[in-house]
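J.: Pasting a structure here, questions to come.
Derivation of every value follows stated rules applied to the coordinates shown; laboratory data play no part. It should be emphasised that the depicted structure is a prediction, and the values quoted were computed from it without experimental measurement. Neighbour counts are summed over all protein chains in view; Cβ atoms, including those assigned to glycine, are modelled from backbone coordinates with ideal geometry.
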Amino acid sequence: MSISRRDFLRIAGFSTLFGLGAKAAFEMLAPGELEAKLAPNPKALTAQRWAMVVDMRKLDDQTAQRCIEACHRIHNVPDFGNPVNPEDQVNPQDQNRWEIKWLWKEKFEHAFPGQEQPYVAERLHKLNFLLLCNHCNNPPCVRVCPTKATWKREDGVVMMDQHRCIGCRYCMAACPYGARSFNWRNPRPFIKNENQTYPTREIGVVEKCTLCAERLAKGQLPACVEVSNGALTVGDLNDAKSKVRELLRANFTIRRKPQLGSNPQVYYIV
Amino acid sequence: MFEKALVGTKRYYGVLGFLLLLIGIGFFIYLKQLDFGLGITGMSRDVSWGFYIAQFTYLVGVAASAVMVVLPLYLHDYKAFGRIAILGEFLAVAAVTMCILFIVVDLGKPSRLFNVLLHPTPNSVLFWDMIVLNGYLLLNLICGWTVLQAERNEVPPPKWVKPFIYIAIPWAPSIHTVTAFLYAGLPGRGYWLTAIMAPRFLSSAFAAGPALLVLLCLLVRKYTKFDPGREQIQTLGKIVTYAILINVFFFFCEIFTVFYSQIPDHMMHFKYLFAGLEGKGQLVPWMWVSIVGMTLTAIFLVIPSVRKNENTLALACGLVVITTWIDKGLGLITGGFVPNPFDTITEYWPTIPEAFITLGVWAVGFLILTMLYKVAVSVKEEIRA
Ligand code: SF4
Ligand code: SF4
């Protein structure tokens with residue numbers, strides 16, 4: 001039996017109220033699974049408010065590509081241009097329509113529309129910006145979701161519950177950053193090397209970057225950060241001594257569409 | 001009373017049979033969609049809502065417009081509309097049913113539909129939309145059916161339905177307002193981010209719905225022994241005229257704000273729809289037909305002789321239905337998604353399976369409409385016989 005972490009926390013909360021304690025709740029729901037799952041890893045990385053800084057001075061194209069591959073590999077993100085069986089070939093137009101991406105590259109004028117200036121900083125226009133869900137502090141995707149399948153954790157990570165999502169795609173209309181993808185068809189025939197430790201998705205649900213919440217819980221950095229040679233940094237925005245605060249203090253940073261009030265938490269040093 | 005829907009002429013059965021055939025085809029293809037996923041539609045990562053949601057949006061308007069018959073009747077005691085109120089209410093029932101079906105066929109995981117009730121989320125407009133739509137369906141069924149039953153027994157309607165009738169009056173604009181709010185509150189979608197969205201929705205609805213009702217009244221007169229009445233049709237014609245004028249006015253208000261301010265995020269959607277961007281503009285001819293047609297029809301309808309002649313009135317009403325449909329059923333949703341958040345263009349056009357599923361849902365609506373109208377008309381024929 002498996003239960004969602006949230007259901008567990010809720011029931012555990014009630015049990016604690018009644019003096020039973022979390023352990024009792026877990027034994028009621030899933031006897032025996034406790035040791036494996038419950039005890040929060042003492043090494044878990046925690047923050048009051050997670051944020052990411054992308055240092056474009058250090059992010060060359062190969063590094064960006066490596067980040068994308070690491071993310072998509074461990075999260076079983078399908079590649080419709082590269083099916084497991086050759087007979088599942090998808091034409092380029094449909095590849096484009098069905099594309100699923102958590103982390104991807106975009107030119108300056110597409111990443112920051114309306115902010116390009118024709119005669120300034122030619123360098124900028126050559127850069128490939130690495131984009132992902134901004135884990136907004138005031139996320140419109142969370143605001144519109146009718147089932148709470150998209151929700152924001154206390155530490156600012158915006159999460160997706162693929163088992164609750166009804167596939168209405170309201171969140172996709174609401175996200176001003178194009179950060180969400182929908183499973184227009186079964187993604188599984190397009191996952192070449194499945195990572196058995198991370199679930200694959202099924203048709204009809206939305207997905208996106210979750211800041212590697214599953215890795216943070218084990219004390220690991222997000223996959224992209226790990227392979228970025230220091231170009232990507234995550235840390236606690238509320239901790240004045242954290243690495244991200246240090247970077248924000250020392251450098252000029254920009255964010256995508258800050259005027260919309262969603263308060264994105266991915267910062268770019270250009 | 002419902003048994004009246006089951007007996008009829010050959011032609012009646014013919015219509016039902018044809019609609020059932022369309023429903024069957026649509027359902028069969030829907031099963032394919034359940035199996036393969038929404039990938040059989042033309043929607044994409046960039047245009048994540050398409051034809052289904054657009055039809056839903058259009059039909060909410062048709063449903064809401066029933067109030068244009070009920071309100072004069074009950075608030076202004078305009079007795080003439082007593083004759084056709086039931087036609088308006090049953091049109092609303094059919095339209096809301098289609099709306100709900102369009103939402104269901106658009107879901108990626110319809111089996112989890114009830115998650116909306118299991119995890120009620122008041123901050124989501126979709127949650128409220130579901131409440132107002134289902135409420136409206138129920139209200140119209142209750143009011144329509146009881147009033148008709150009373151009419152059949154030739155007694156005044158029971159007192160207890162009065163409150164329902166009065167609640168239904170403000171409820172009608174609320175369904176279309178809430179539907180407009182689905183779009184109007186989203187950051188980063190310049191085409192929808194306008195406070196005039198709900199007023200525009202209502203004005204086009206109050207034109208399109210009564211226009212459809214005029215056409216239906218003419219059909220009822222032609223094919224049954226019940227005549228909805230010349231005065232009734234004329235009054236509906238006036239409602240259509242004022243509503244479509246207001247709708248055209250609202251459209252130009254929007255154009256002024258967007259193009260005088262020169263804010264690119266708001267202009268580019270209009271540019272895509274009416275001129276095309278980066279060589280892409282498959283909706284351009286449609287949008288021009290819609291706005292030019294709508295404006296001309298509005299002017300045309302102001303002329304009394306045009307309105308008084310039932311043939312030209314029918315033609316104008318047909319144009320109102322078509323031009324408002326293009327505006328909402330094609331342009332509104334796609335125009336909001338194109339260009340996408342990266343200022344790039346992915347176009348959208350419904351696929352053949354998508355079109356057949358859409359047709360199937362429309363057929364369900366028309367089946368309900370035909371059967372309900374059959375009941376209503378039979379009752380009216382009976383008490384006049
Ligand atoms: S970037 Fe988009 S998906 Fe991510 S939190 Fe912000 S609004 Fe939601
Ligand atoms: S698609 Fe899923 S996550 Fe997005 S708003 Fe609908 S239910 Fe919520």
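J.: Each residue of the stretch B:22-31 in order: what ³J(HN,Hα) in whole Hz does its phi give by Karplus 6.51 cos²θ - 1.76 cosθ + 1.60, θ = phi - 60°, with x for Gly and Pro?
T.: These are the phi-based 3J(HN,Hα) values: 4, 4, x, 4, x, 5, 4, 5, 4, 4 Hz.
J.: Taking Cα pairs under 8 Å and at least six residues apart, what relative contact order does the stretch B:187-244 come out at, in percent?
T.: Relative CO of the stretch B:187-244 lands at 43 percent.
J.: Another question, then. Students often forget the sequence filter, so: which lysines lie under 18 Å Cα-Cα from B:Lys4 once same-chain residues fewer than 8 apart are removed?
T.: Reachable lysines: B:Lys225, B:Lys374, B:Lys380.
J.: So what is the calculated 222 nm ellipticity per residue for the protein assembly as shown, using -39500 (n - 2.57) for each DSSP H run with n of 4 or more, over all residues, to the nearest 500 deg cm²/dmol?
T.: For the protein assembly as shown, the value works out to -17500 deg cm²/dmol.
J.: Computed FRET efficiency, Cβ-Cβ of A:Asn41 and A:Gln115, R0 51 Å: what is it to the nearest 0.05?
T.: After rounding, the FRET efficiency stands at 0.80.
J.: Expressed as an acute angle from 0 to 90° and rounded to the nearest 10, what is the orientation of the C-alpha long axis of helix B:352-384 relative to the principal long axis of chain B?
T.: Once rounded, one gets 20 degrees.
J.: Starting at the first residue of the stretch B:36-41, write each ³J(HN,Hα) from the Karplus equation 6.51 cos²θ - 1.76 cosθ + 1.60 with θ = phi - 60°, in whole Hz, x for Gly and Pro.
T.: Per-residue couplings from phi come out as 8, x, 5, x, 6, 8 Hz.
J.: Could you line up A:Ser228, B:Ser261, B:Ser305 from fewest to most neighbouring Cβ atoms inside 10 Å?
T.: Least crowded to most crowded, the residues run B:Ser305, B:Ser261, A:Ser228.
J.: For the stretch A:162-195, which trypsin sites (Lys or Arg not before Pro) are both in a DSSP coil and crowded by at most 16 other Cβ atoms within 10 Å?
T.: Passing both the DSSP loop test and the Cβ count: A:Lys192.
J.: Give me, ordered by chain and number, the residues 5 or more places off A:Arg49 or on other chains with an amide H under 5 Å from its own placed amide H.
T.: So A:Arg49 has HN proximity to A:Leu237, A:Asn238.
J.: Can you put A:Arg97, A:Arg49 in order of Cβ neighbours within 10 angstrom, beginning with the fewest?
T.: A:Arg49, A:Arg97
J.: What are the ³J(HN,Hα) couplings of the stretch B:187-203, residue after residue, when phi is run through the Karplus curve with 6.51, -1.76, 1.60 and θ = phi - 60°? Round to Hz, x for glycine and proline.
T.: x, x, 10, x, 5, 9, 7, 8, 5, 8, 4, 5, x, 5, 4, 5, 5
J.: Given H placed 1.01 Å from N in the peptide plane, which residues other than close sequence neighbours of A:Thr150 have an amide H under 5 Å from its amide H?
T.: Sorted by chain and number, the residues that satisfy this are A:Asp161.
J.: Oh, and also: Please give the charge dipole size of the stretch A:148-270, origin at the Cα centre, charges +1 on K and R Cβ atoms and -1 on D and E Cβ atoms. Round to the nearest 20 debye.
T.: For the stretch A:148-270, the charge dipole is close to 340 debye.
J.: How would you classify the stretch A:158-270 from its alpha-carbon gyration tensor, with a ≥ b ≥ c the square roots of the eigenvalues: rounded for a/c under 1.5, else prolate if a/b is greater than b/c, otherwise oblate?
T.: oblate
J.: Please get the size of the charge dipole for the protein assembly as shown, origin at its Cα centre, with Cβ charges of +1 on Lys and Arg and -1 on Asp and Glu, quoted in debye to the nearest 20.
T.: That gives a dipole near 720 debye.
J.: Please give the helix B:125-152 orientation as an angle from the longest Cα principal axis of chain B, in degrees from 0 to 90, rounded to the nearest 10.
T.: 20
J.: Let me ask something additional. Return a whole-number percent for the relative contact order of chain A, with Cα pairs under 8 Å and 6 or more residues apart as the contact set.
T.: 29
J.: Between B:Leu6 and B:Trp160, what length in nm is gained on full extension when 0.36 nm per residue of separation is reduced by their alpha carbon distance?
T.: Working it through step by step, the gained length comes to 52.5 nm.
J.: Hey, got the average number of other protein chain Cβ atoms within 10 angstrom for residues in B:40-52?
T.: Mean partner-chain Cβ count within 10 Å for B:40-52: 4.
J.: Mind sorting B:Trp49, B:Trp349, B:Trp171 by how few other Cβ atoms lie within 10 Å of their own Cβ, fewest first?
T.: Going from least to most buried by this count: B:Trp349, B:Trp171, B:Trp49.
J.: Using Cα centres only, tell me the gap between the stretch A:160-233 and the stretch B:1-64 in whole Å.
T.: Centre-to-centre (Cα) distance: 33 Å.
J.: Compute the relative contact order of chain B as a whole-number percentage, counting only Cα pairs closer than 8 Å that sit 6 or more residues apart in sequence.
T.: Relative contact order, chain B: 30 percent.
J.: Per-residue Cβ counts within 10 Å, from other chains only, averaged over B:104-114: what number is that?
T.: Per residue, the average neighbour count from other chains is 5.
J.: Filter the chymotrypsin sites (Phe, Trp or Tyr not before Pro) in the stretch B:276-385 to those in DSSP coil with at most 16 other Cβ atoms within 10 Å of their Cβ, and list the result.
T.: none
J.: Out of residues 5 or more away from B:Leu277 or on other chains, whose amide H comes under 5 Å of its own, with H placed 1.01 Å from N in the peptide plane?
T.: Result for B:Leu277 returns nothing.
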